[in-house]
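Heads up: the structure comes next, in structure tokens.
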Amino acid sequence: MNLVCLLGSPRPRGNSTSLARHLCESAEHLGADVRVFALNELDYRGCQACYACKRKLDHCLLDDDLREVLAAVLAADALVLSSPIYFGDISAQLKGFIDRTFSYLVPDYYANPQPSRLPPDKKLVMILTQGVADEQVFADVFPRYEGFLKWEGFAESRLIRACGVTPATRPDKLGPWLEQAQAAARWLMGAP
């Protein structure tokens with residue numbers, strides 16, 4: 001199992017990053033080959049809407065740090081995306097990556113029964129953290145991105161959502177979500 005994890009938080013020890021790293025460590029213990037990319041440490045631009053990936057290339061035209069990330073996701077069996085919720089959405093770092101995944105779609109993706117260049121049946125785990133404790137607030141974020149990612153070939157997905165956590169939240173208070181991260185690692189690896 002090849003697993004790629006993208007850390008969307010600008011905080012190297014933030015809640016979403018801590019949960020994602022715990023999932024990755026659990027998956028490694030179960031035998032996964034894991035690659036982690038901290039998006040905030042990379043130099044890349046968002047999609048430029050040039051449509052080169054639809055007209056003349058089968059990949060994104062931009063030659064920046066995200067090129068390696070996009071190639072790693074293409075080769076991976078599973079993807080973990082983690083982000084805090086900022087102003088009602090995922091971080092800008094993760095949104096920039098997701099916009100660039102437009103290059104995974106074939107030119108006639110609207111009508112093609114196989115719209116993605118990615119191999120089918122990849123698994124996805126999305127980890128979202130938010131300061132607001134009310135689970136109804138920002139509940140629309142995951143379904144919105146899950147729809148796009150299913151289009152790209154992520155057939156199965158899971159959500160780990162930690163509500164009511166802030167930068168002041170102590171790591172020992174993440175217990176229930178750390179357990180969910182371990183369970184997600186087992187699910188990704190097909191372990192009981």
Can you name the residue in region 80-119 that is open to solvent by 40 Å² or more (accessible area, probe 1.4 Å), aromatic (Phe, Trp, Tyr) and under 18 Å from residue 54 (Cα atoms) and is also farthest from the chain's Cα centre (by Cα) among such residues?
110
I need a count of the residues in region 1-42 that are among the acidic types (Asp, Glu) and in contact with a Phe, Trp or Tyr (Cβ under 9 Å, 6 or more places away or on another chain).
0
Which residue pairs have Cβ atoms closer than 8 Å, lie 6 or more positions apart in sequence or on different chains, and pair a first residue in region 10-21 that is at positive phi with a second residue that is buried (at least 16 other Cβ atoms within 10 Å of the Cβ)?
none
For the subset of region 1-50 comprising residues that are of a type in the set (Gly, Ala, Ser) and assigned to a loop (DSSP other than H, G, I, E, B), which member is nearest to residue 165 (Cα to Cα)?
14
Looking for something assigned to a helix (DSSP H, G or I), under 16 Å from residue 8 (Cβ atoms) and out of contact with any strand residue (DSSP E or B) (no Cβ under 8 Å at 6 or more places or on another chain) - is there at least one such residue anywhere in region 158-177?
no
Would you check which residues across region 120-149 are open to solvent by 80 Å² or more (accessible area, probe 1.4 Å) and touching a helix residue (DSSP H, G or I) at 6+ places or on another chain (Cβ under 8 Å) and list them?
148
Identify all residues within region 1-27 that are over 22 Å from residue 119 (Cβ atoms) and open to solvent by 60 Å² or more (accessible area, probe 1.4 Å); write none if there are none.
11, 12, 13, 21, 25
Candidates 156, 152, 179, filtered to the one that is open to solvent by less than 40 Å² (accessible area, probe 1.4 Å) and among the acidic types (Asp, Glu):
152
Restricting region 33-56 to residues that are more than 22 Å from residue 12 (Cβ to Cβ) and free of Cβ contacts under 8 Å to residues at least 24 places away in the same chain, the one least open to solvent (accessible area, probe 1.4 Å) turns out to be 52
Residue check, residue 67 at pLDDT 95 or above, farther than 30 Å from residue 136 by Cβ and either in a helix (DSSP H, G or I) or among the basic types (Lys, Arg) (or both)
yes
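Table: residues versus (1) of a type outside the set (D, E, K, R); (2) without any contact (Cβ under 8 Å) to a residue 40 or more places away in the chain.
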site: 104; (1), (2): yes, no
site: 111; (1), (2): yes, yes
site: 117; (1), (2): no, no
site: 129; (1), (2): yes, no
site: 133; (1), (2): yes, yes
site: 148; (1), (2): yes, no
site: 168; (1), (2): yes, yes
site: 172; (1), (2): no, yes
site: 176; (1), (2): yes, yes
So if I check each of 125, 132, 80, which one is farther than 22 Å from residue 27 by Cα, touching a strand residue (DSSP E or B) at 6+ places or on another chain (Cβ under 7 Å) and not in a helix (DSSP H, G or I)?
132
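The values are calculated or read from the model by the stated rules, or taken from the named source; none is laboratory data. For clarity, every value in this text was computed on a predicted model and none was experimentally measured. Methodologically, a virtual Cβ is constructed for each residue, glycine included, from the backbone with ideal geometry; neighbour enumeration extends over all protein chains shown. Note: accessible area is taken over every heavy atom of the protein model, side chains too, but ligands, DNA and RNA are not part of it. Shrake-Rupley method; radii C 1.70, N 1.55, O 1.52, S 1.80 Å.
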